[in-house]
Each structure stands twice: as structure tokens, then as C-alpha cells.
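The values are calculated or read from the model by the stated rules, or taken from the named source; none is laboratory data. Since the model is a prediction, treat every value here as computed from it, not as a measurement. With ideal geometry, Cβ positions are generated from the backbone for all residues, glycine too; neighbour counts draw on all protein chains shown. Ligands, DNA and RNA are stripped out before the accessible areas are found, and what is left, the full protein with its side chains, is counted by its heavy atoms. Shrake-Rupley method; radii C 1.70, N 1.55, O 1.52, S 1.80 Å.
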Amino acid sequence: SGYCQVEKWNGHKWIQLGNLNANSLINKICVDDSFNVYAAGDYTDYRGNQYVAKYNHITGIWTELDTGFGETAAGITEIKAMVIDSSHDIYVSINFRDSSIIYRWNGTFWNQLGLLDANNAIFTICLGDSGFLYAAGSFTDINGYKYVAKYDPRLNAWNELGIGTSALKPHSFDTPDADIFTICTDSKGNVYAAGDFQDSISLTNNYWYVAEYGTPLSGLGIQKINKNVIAVYPNPVADLLNIQFFPWESLKNLTFNLYNSTGIVCKSGKFTVLNNGIGTINVSDIAKGIYELQISDDETKIFKIIKK
């Protein structure tokens with residue numbers, strides 16, 4: 001027929017899933033927990049709009065979500081990435097000639113998700129805990145580096161994941177920077193990225209690698225705040241969480257906030273640092289799970305804590 005279709009393996013053979021009759025490439029498919037299938041790519045409807053198609057596994061019929069995405073002054077190239085959450089909200093990246101936008105389908109209509117301000121293509125998006133969304137591709141920050149962007153639903157805002165010395169700064173042997181093609185997260189909140197970028201072991205023998213962003217969730221977490229070093233242990237923790245500072249004499253007005261996985265503050269206050277440079281937080285009264293500890297002076301450092 002000359003159309004692109006979605007195929008399903010039924011345990012014995014491949015069968016065509018309904019009649020999508022896409023007039024161009026299907027780049028992404030995903031499935032919700034009701035077994036409905038969603039497809040997207042650079043195919044268009046009769047209006048010439050690119051769209052996300054939904055396959056109802058009960059009726060066996062494909063339908064278009066809303067009226068799709070039409071051509072604008074910025075042009076439109078394709079729907080490059082798509083994910084679906086547990087509420088059946090769908091997230092897609094729409095790549096224009098010189099920019100990209102992420103839209104969310106809330107079951108009724110499409111709306112733009114925050115202001116990412118991506119100045120080039122978004123190749124990949126993924127979901128994290130607590131409604132966080134991550135995006136990456138060939139778009140750059142103010143310093144010209146490709147980066148992973150994080151969407152915080154509490155603020156309806158996008159931010160670069162890792163800045164300054166914590167920035168990803170992907171590069172390759174031939175170019176000063178390189179594209180990020182795929183990202184994913186784990187249950188502990190760590191984010192992983194890979195693409196056309198290499199490490200800097202040597203100038204003549206660089207290797208492609210997977211980059212990880214996150215704070216170790218076991219053992220001794222150590223970070224610097226100003227000129228002071230902070231060590232957080234034990235992690236996982238049952239009762240008392242030790243926060244060791246050295247040198248501790250110069251620390252003043254040091255505060256902390258402990259957030260649960262939904263972003264609610266469970267504990268907060270000021271540290272009373274003893275002569276050995278150790279402060280403690282009693283976490284015996286909070287539930288098991290993963291928490292975010294923010295320690296602040298003139299700057300803020302973040303630790304991921306497991307309460308066992």
C-alpha cells in the first residue's frame with residue numbers, strides 16, 4: 001500500500017495493528033497500562049499536520065489526538081521523541097527548523113510544557129520520579145554546550161542539569177561539542193546520558209561513554225561548600241544522619257531542608273555543630289524511602305539520602 005504501519009508480535013507471528021496508514025516515517029511508539037498504543041513521527045493527516053495517533057486495543061481503531069501540529073513560520077520537521085506517564089499524559093518534542101518545543105497531552109488538548117527555549121533539536125525525553133521530565137539533544141546553553149534539561153512541575157520551569165564544574169559539556173574528537181541522543185533515569189533519581197560524545201583520556205584515543213548525573217546513594221557522600229568539605233553518612237540511614245564539616249570553625253548560619261519524593265519538606269532547621277565538626281539529623285521518625293537533603297550556607301549542596 002505504500003503506507004507505514006505498526007506491527008504487533010502476538011507470540012507466534014507479526015500482525016498489522018489496525019490501519020494507521022501513515023504517509024511517512026513512524027519514529028516513536030509507546031503503550032499505556034490499558035494496552036492502548038500511541039505512534040508519532042513525521043507522517044501527516046489530511047490537513048498536512050503531523051500528529052500523535054492512538055490505537056484503541058478494544059475497538060482496533062487508530063484516532064488522531066486533537067488536530068495535530070500544523071506548519072508555522074518556524075516550520076516543522078517531525079515529532080522526534082515521545083513518552084507517556086502513569087496518568088496517560090503524553091509528552092512529545094516538536095522539532096522546528098531552529099528550535100524545539102515540548103508539548104503535553106492532558107487527555108483533552110495539547111499545551112506547551114514550560115519554556116525550555118531549546119535552540120535546536122530535542123532528540124530524547126524521559127520521565128523521572130515526582131513528575132520530573134528530562135530532555136536532551138543538540139540544543140545548547142548560554143555557554144554553547146549541549147546539556148540535559150530538567151523540568152520541575154512544582155515550578156513549571158526548565159533548568160540545566162549540572163552547571164559550572166558539574167556541567168556535562170559533551171564533546172567529540174572532531175568538534176568542540178556533540179549531540180546527546182538518549183537519556184534515562186533510575187529509581188534512585190540518577191540520570192544517564194549517551195550520544196556522539198567522548199571522554200578526554202587522551203587527545204588521540206578518546207572513547208564514547210555513558211555519563212551519569214547524581215549523588216551516590218550509598219557509602220560516604222562528600223561535597224564542598226565554599227572552602228569547606230561536607231561528608232554525609234551513613235547512607236542508607238536508620239536513625240541518626242551524621243553531617244561532618246571540616247574545617248568547621250568558619251561555618252556560620254548553616255541550614256538544611258530534607259525533602260521527600262513529592263517535594264514536601266519533612267525536616268528543616270539550623271545545624272548545631274559540635275567541636276568535632278559533626279552535626280546530626282534525627283530521621284528515625286520519617287518513612288522509608290528516598291529523600292533529598294539540601295545544605296545551605298552562601299551556596300547549596302544536595303545529597304540523595306535513603307531512609308531504611
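Here are some notes:
- On the beta carbon distance between Lys308 and Ser268, with R0 = 30 Å, the FRET formula returns roughly 0.90.
- Accessible-area value, Arg47, 1.4 Å probe, nucleic acids and ligands omitted, Å²: 110
- Solvent-accessible area, 1.4 Å probe, carbon plus sulfur percent, for region 8-158: 49
- Full extension of the chain segment joining Lys8 with Asp98 gains 28.9 nm, where the gain is 0.36 nm per residue of separation less the Cα-Cα distance.
- One chain, two ends: Asp186 and Asp129. Fully extended at 0.36 nm per residue, the span grows by 19.6 nm beyond their Cα-Cα distance.
- Local electrostatic count at Lys146 - Lys and Arg +1, Asp and Glu -1, tallied over other residues with Cβ under 10 Å: -3
- Heavy-atom surface of region 8-79, accessible at 1.4 Å and reported per residue (Å²): 56
- Of the cross-linked pairs Lys13/Lys54; Lys188/Lys288; Lys267/Lys307; Lys188/Lys304; Lys8/Lys28; Lys8/Lys80, those separated by over 18 Å at the C-alpha level are Lys13/Lys54; Lys8/Lys80.
- Measuring with a 1.4 angstrom probe and ignoring ligands and nucleic acids, Lys188 comes out at about 90 Å² accessible.
- Region 38-130: relative contact order in percent, alpha carbon pairs under 8 Å with at least 6 residues between: 20
- Length gained on full extension, Asn111 to Ile278: 55.3 nm, using 0.36 nm per residue less the C-alpha separation.
- Only Lys, Arg, Asp and Glu carry charge here, each on its Cβ (+1 for the first two, -1 for the last two); on that basis region 92-180 has a dipole of about 220 debye about its Cα centre.
- Sequence-ordered 3J(HN,Hα) estimates for region 133-140 from the Karplus curve with 6.51, -1.76 and 1.60 and θ = phi - 60° stand at 10, 10, 9, 7, x, 10, 7, 10 Hz, glycine and proline given as x.
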